[in-house]
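The values are calculated or read from the model by the stated rules, or taken from the named source; none is laboratory data. All of these numbers come straight from a predicted model, not from anything done at the bench. Neighbour counts are summed over all protein chains in view; Cβ atoms, including those assigned to glycine, are modelled from backbone coordinates with ideal geometry.
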Amino acid sequence: MQKKVAVLQSNYIPWKGYFDLIRSVDAFVFYDDVQYTRRDWRNRNKIKTAQGEHWLTVPVKNKGRFEQLINEVEISDPHWAEQHWKTIAMSYRRAACFDMMEGRIRALYEQAGRLDHLSAINQLFIAGLCPLLGIHTPLYRSEELGKADGRNERLIHLCQAVQGSHYLSGPAASCYLDEAAFATAGLEVSYMSYAGYPEYPQVHGEFQHTVSVIDLLFNTGTDAVTFLERRAA
């Protein structure tokens, strides 16, 4: 029986496509023992507000820490979670399903505010939001699964460590992935497509797909999973 695996760095309250990737596999590995990249999705994401799209950024310690791994990144302001939640509540209080989702998502922010590492915060949110989207894929951490030398070799090792037979990759990796190496290891490779997501009722102006998944949850509630069903072109 085929077992699909995805391996990806953790992001802060990611967009719906990230969760669709998790939903599409049988095992998902957080790949956080790799180098942290600045000005990326690791510590920030977008929401919609009455004033337009707004970045929520988790403040981190990175001055002089150019080689730190994602799971080594520390928080620099202990009050960030309270500030983020205040902005979120103000922006989505008139969304159709805010009352339905408020308690669950606010509780995640209360927990996140007590953590001092970015990786732990990101993984807390992703694990906590998955059930709200009907996703129950097992989640693993790469640092707990051992290492191999080389970019492709590490990915192959992680797939094998969770007994995978099929690697589902993000589309950007097609430029460097050595599919022959995966085939030699007995692993099939395919690439995720993020095309064809339907629009949903969304507050604050023109529709935008590329915002945090909390936008989807506050606007559609328990129907959110239906908007992860991509339509054929």
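What to note about this one:
- Scope the range 5-22; condition aromatic (F, W, Y) and part of a strand (DSSP E or B); matching residues: W15
- Only a single criterion out of (1) surrounded by 17 or more Cβ atoms within 10 Å (Cβ to Cβ); (2) at pLDDT 95 or above; (3) of a type outside the set (V, I, T); (4) in a helix (DSSP H, G or I) is not satisfied by L168, namely (4).
- Among the residues of the range 148-161, those identified as surrounded by fewer than 17 Cβ atoms within 10 Å (Cβ to Cβ) and either touching a residue at least 40 places away in the same chain (Cβ under 8 Å) or assigned to a helix (DSSP H, G or I) (or both) are R151, E153.
- Residue count, the range 78-102 (criterion: out of contact with any helix residue (DSSP H, G or I) (no Cβ under 8 Å at 6 or more places or on another chain) and either free of Cβ contacts under 8 Å to residues at least 60 places away in the same chain or of a type in the set (G, A, S) (or both)): 10
- Residues within the range 23-60 that are surrounded by fewer than 22 Cβ atoms within 10 Å (Cβ to Cβ), of a type in the set (A, V, I, L, M) and not in a loop (DSSP other than H, G, I, E, B), tallied: 3
- Restricting the range 203-213 to residues that are touching a residue at least 12 places away in the same chain (Cβ under 8 Å) and out of contact with any strand residue (DSSP E or B) (no Cβ under 7 Å at 6 or more places or on another chain) leaves a set whose member that is farthest from P14 (Cα to Cα) is G205.
- Members of the range 1-28 found to be of a type in the set (K, R), closer than 19 Å to F182 by Cβ and in contact with a Leu (Cβ under 6 Å, 6 or more places away or on another chain), listed by number: K4
- Among the residues of the range 210-233, the ones that are modelled with pLDDT of 95 or more, surrounded by fewer than 16 Cβ atoms within 10 Å (Cβ to Cβ) and in a loop (DSSP other than H, G, I, E, B) come to 1 in all.
- Any chance E67 is surrounded by fewer than 17 Cβ atoms within 10 Å (Cβ to Cβ) and modelled with pLDDT under 95: yes
- Residue match in the range 153-161 (condition: in contact with a Cys (Cβ under 6 Å, 6 or more places away or on another chain) and not polar (S, T, N, Q)): no
- Of all residues in the range 70-79, those being of a type in the set (A, V, I, L, M, F, W, C) and either surrounded by fewer than 18 Cβ atoms within 10 Å (Cβ to Cβ) or outside any loop (DSSP other than H, G, I, E, B) (or both) number 2.
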